[in-house]
Amino acid sequence: INFSILLAGSKEIRILNKKFRKKDKSTDVLSFPFYTTADIKKFKNENVYLGDIILNFYKIDKKNFKKDFNRLWVHGFLHLLGYKHYKNKDYYKMNRIEKLILKKIENN
């Protein structure tokens with residue numbers, strides 16, 4: 001699995017958020033998946049480029065940069081895989097998976 005991560009400022013994130021999501025505000029992370037969730041489920045052990053993740057550099061806590069950077073890219077990665085958090089139950093499910101991934105990262 002491959003994907004890109006780009007660090008951008010609040011102004012650039014706001015422009016992209018307005019252009020692609022019709023939301024005229026800055027945010028912490030944007031994800032641009034190349035595939036639908038159904039497409040992703042078809043891939044087995046293929047080398048696949050999932051899409052792009054853009055992180056707002058100014059939303060990353062500089063005192064805990066590594067931990068916060070990991071938190072944001074993992075969140076964006078789950079969006080590339082098709083996870084969403086429109087409803088509370090979806091948010092809690094996604095949050096639980098994020099915590100599991102982050103725990104694995106921190107233990108390595």
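Some notes on this structure:
- Vicinal HN-Hα couplings computed from phi for the range 34-43 (Karplus, 6.51 cos²θ - 1.76 cosθ + 1.60; Hz; Gly/Pro x): 8, 10, 7, 4, 4, 5, 4, 5, 7, 6
- Of the trypsin sites (Lys or Arg not before Pro) found in the range 67-108, the ones in coil according to DSSP and having at most 14 other Cβ atoms within 10 Å of their Cβ are Lys84, Lys87.
- When the pairs Lys62/Lys87; Lys44/Lys93; Lys18/Lys89; Lys18/Lys59; Lys19/Lys93; Lys22/Lys84 are compared against a 25 Å limit on Cα-Cα distance, Lys62/Lys87; Lys18/Lys89; Lys19/Lys93 fall above it.
- Using θ = phi - 60° in the Karplus curve 6.51 cos²θ - 1.76 cosθ + 1.60, the 3J(HN,Hα) couplings for the range 88-95 round to 4, 5, 5, 4, 5, 5, 5, 4 Hz; x is entered for Gly and Pro.
- The magnitude of the dipole of the chain, with charges of +1 and -1 set on the Cβ of Lys/Arg and Asp/Glu and taken from the Cα centre, is near 420 debye.
- Whole-number percent relative contact order across the chain, with pairs defined as alpha carbons under 8 Å at least 6 apart: 29
- The chain, Cα convex hull volume normalised per residue, Å³: 118
- Cα centroid of the range 1-33 to Cα centroid of the range 68-108, whole Å: 17
Taken together, the values in this text are just the output of simple stated rules run on the coordinates, not laboratory data. Model, not experiment: these values are computed from the prediction. Positions of Cβ are generated from backbone atoms using ideal geometry, with glycine treated the same way; all protein chains shown enter the neighbour counts.
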